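Asker: This is the structure I have questions about; it appears just below.
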Amino acid sequence: MTDLSTVIAGVTFPNGLMNASGALCVTQEELEALGASEAGAIVTKSMTPQARQGNPEPRYFSFTGGSINSMGLPNLGYPVYAKLIPSLRRFSKPVIASLAGLQPDDFLEGARALNEARPDLVEVNLSCPNIPGKPQIGYDFEESERLLEKLGDILTIPFGVKLPPYFDPIHHQKIAQVLQRVNIAFVTMINSVGNGLVVDPERERVVIKPKGGFGGLGGRIIKPVALANVRALWNIWGDRIPIIGTGGVENGVDVFEHILCGASAVQVGTVLVEEGCRVFARLARELAEILIRKGYGSLMACRGKLQEMS
Ligand code: HRO
């Protein structure tokens with residue numbers, strides 16, 4: 001048997017495959033379906049102080065090669081998730097609470113609620129691209145550091161951060177320095193590639209309604225960007241801070257590529273929405289096949305093993 005388990009911030013996962021926050025994880029029913037599936041963890045939708053309907057529909061569109069979304073943080077609100085989380089522990093896999101907010105104080109309020117609810121880990125979302133008038137915090141290094149420092153004073157649960165994609169090595173360096181200073185426990189990257197635009201040429205129209213059609217891109221088309229971001233932080237940190245790779249995972253080979261680049265686990269968004277929770281059993285089978293073919297006894301054995309050319 002190939003060992004697909006992994007460890008992130010001291011928490012053991014039965015396998016390194018889980019949903020990306022946002023994908024089929026808003027309602028109690030969806031979270032329980034993740035619990036009952038082969039997913040190695042349950043990740044909640046990013047939560048805000050009050051319940052939100054999100055942006056007007058249509059707000060999700062899939063196309064050959066990926067997806068575009070502008071959901072606008074539809075979620076049940078901190079108090080409801082705080083009540084739900086303890087019951088999700090019965091599935092005997094880690095529960096990761098995704099914490100968001102519309103302003104810095106929201107995050108602090110959420111941190112207090114999550115201290116009571118006791119998920120295994122908290123993933124602080126600094127990278128939602130879809131709230132009109134609210135920039136992605138992760139692109140402002142000073143603001144990110146201020147917020148994470150304050151959260152570090154409040155949270156009694158290990159916390160990591162969900163980052164947007166960066167496109168220049170200096171930005172990888174800068175965010176890595178910030179995250180080291182605040183003692184981050186793990187990093188999830190990348191969130192969707194923000195503010196893309198998909199066009200329907202027949203109707204001469206955008207494909208989603210919010211923000212004039214602009215939205216976050218996910219799926220196969222973003223895989224090289226995701227792999228580059230995972231690799232860039234692995235090159236800085238090695239195994240000192242675990243990375244959850246997210247972006248473009250459709251099959252076992254995609255998972256393998258993320259792990260080779262340095263990820264300790266992967267999250268699945270677009271393909272989960274398209275295929276439903278049975279995707280986890282397929283990915284686990286396909287990942288095991290490639291690990292066996294390559295002679296690796298475990299997922300962790302190939303982590304970071306990507307070779308450069310001499
Ligand atoms: O809800 C969303 O519109 C959303 C969020 Cl919070 C996020 O972090 N990433 C994304 O692509 N969509």
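The values are calculated or read from the model by the stated rules, or taken from the named source; none is laboratory data. The structure displayed is predicted, hence computed values, not measured ones. A quick note on method: Cβ atoms are made from the backbone with ideal geometry, for glycine too, and the neighbour counts reach across all protein chains shown. Remember, those area values only see protein heavy atoms, side chains included, never the ligands or the DNA or RNA. Shrake-Rupley method; radii C 1.70, N 1.55, O 1.52, S 1.80 Å.
Asker: Helix-derived [θ] at 222 nm for the chain: sum -39500 (n - 2.57) over DSSP H runs of at least 4, divide by residue count, nearest 500?
Answerer: -11000 deg cm²/dmol
Asker: Which whole-number value in Å² is the accessible area per residue of the stretch 28-93, probe 1.4 Å?
Answerer: Value returned for the stretch 28-93: 44 Å² of accessible area per residue.
Asker: To continue, here is another question. Could you list which residues have their amide H under 5 Å from that of Gly22, counting only those 5 or more apart in sequence or on another chain, with H placed in the peptide plane?
Answerer: Lys45, Ser46
Asker: Where is the GNM fluctuation largest for the chain (alpha-carbon springs, 10 angstrom cutoff): Ser46, Ser87, Ser144?
Answerer: Among Ser46, Ser87, Ser144, the largest mean-square fluctuation in the Gaussian network model of the chain belongs to Ser87.
Asker: When ranked by the protection proxy of mean other Cβ atoms within 10 Å per residue, highest first, what sequence do the peptides 246-254, 129-137, 30-38 form?
Answerer: Top of the packing list down: 246-254, 30-38, 129-137.
Asker: Given springs between every Cα pair under 10 Å in a Gaussian network model of the chain, which of Asp200, Asp140, Asp239 has the largest fluctuation?
Answerer: Asp200
Asker: Which order do the peptides 154-167, 290-303 take when ranked by the mean count of other beta-carbon atoms within 10 Å per residue, highest first?
Answerer: 154-167, 290-303
Asker: For Arg181 and Thr12 in the same chain, what is the full-extension length gain: residue separation times 0.36 nm, less their Cα-Cα distance, in nm?
Answerer: 58.4 nm
Asker: Run the numbers on the stretch 172-218 and let me know its relative contact order in percent, using alpha-carbon pairs under 8 Å that are six or more apart.
Answerer: 33
Asker: Let me ask something additional. In the stretch 59-156, what percentage of the DSSP-assigned beta bridges are antiparallel, given to the nearest 5?
Answerer: The answer is about 50 percent antiparallel.
Asker: Once amide H atoms are built 1.01 Å from N in the peptide plane, which residues 5 or more positions from Ile8, or in another chain, come under 5 Å H to H?
Answerer: So Ile8 has HN proximity to Phe13.
Asker: Could you provide, to the nearest whole Å², the per residue accessible area of the stretch 153-310 with probe 1.4 Å?
Answerer: So the stretch 153-310 comes to 44 Å² accessible per residue, rounded to a whole number.
Asker: Once both labels are modelled 7 Å past Cα along the beta-carbon direction, what's the Val253-Ala281 spacing in nm?
Answerer: That separation, rounded to one decimal, is 2.4 nm.
Asker: Take peptides 115-128, 170-183 and line them up by average Cβ neighbours within 10 Å, highest first, as a rough protection proxy.
Answerer: 115-128, 170-183
Asker: Follow-up. Classify the chain from the C-alpha gyration tensor, please: rounded if a/c falls under 1.5, else prolate or oblate depending on whether a/b exceeds b/c.
Answerer: The shape class here is rounded.
Asker: Then there is this: Under unit Cβ charges (Lys, Arg +1; Asp, Glu -1), what dipole magnitude, rounded to 20 debye, does the stretch 95-254 have relative to its Cα centre?
Answerer: Value, rounded to 20: 240 debye.
Asker: Using a 1.4 angstrom probe on the protein heavy atoms only, line up Phe13, Phe214, Phe63 by accessible area, largest first.
Answerer: Order by accessible area, largest first: Phe214, Phe63, Phe13.
Asker: Nearest 5 percent is fine: what portion of the DSSP beta bridges confined to the chain is antiparallel?
Answerer: 40
Asker: With both partners inside the stretch 1-126, how many of the DSSP beta bridges are antiparallel, as a percent to the nearest 5?
Answerer: 55
Asker: Counting alpha carbon pairs within less than 8 Å and at least 6 residues apart, what relative contact order, in whole percent, applies to the chain?
Answerer: Taking the mean separation of contacting Cα pairs over the length of the chain, I get 21 percent.
Asker: How many angstrom lie between the Cα centre of the stretch 22-70 and the Cα centre of the stretch 115-176?
Answerer: The stretch 22-70 and the stretch 115-176 have Cα centres separated by 19 Å.
Asker: Once you order the gyration tensor axes a ≥ b ≥ c over the Cα atoms, which shape class does the stretch 1-138 get: rounded for a/c under 1.5, otherwise prolate or oblate by comparing a/b with b/c?
Answerer: oblate
Asker: Based on the Cβ-Cβ distance of Phe63 and Glu109, what FRET efficiency does E = 1/(1 + (r/R0)^6) give at R0 = 30 Å, to the nearest 0.05?
Answerer: 0.20
Asker: Hey, another quick one. Compute the length gained on full extension between Ala301 and Glu204: take 0.36 nm times their separation in residues and subtract their Cα-Cα distance, giving the result in nm to one decimal.
Answerer: 30.0 nm
Asker: Select from Ser92, Ser21, Ser264 the residue whose mean-square fluctuation is largest in a Gaussian network model of the chain (Cα-Cα springs shorter than 10 Å).
Answerer: Ser92
Asker: Just want to confirm a number: the relative contact order over the stretch 194-310, from Cα pairs under 8 angstrom separated by 6+ residues, in percent.
Answerer: Here the relative contact order equals 22 percent.
Asker: A further question on this structure: Rounded, prolate or oblate, given the Cα gyration tensor of the stretch 205-258, with a/c below 1.5 counting as rounded?
Answerer: It comes out prolate by the Cα gyration axes.
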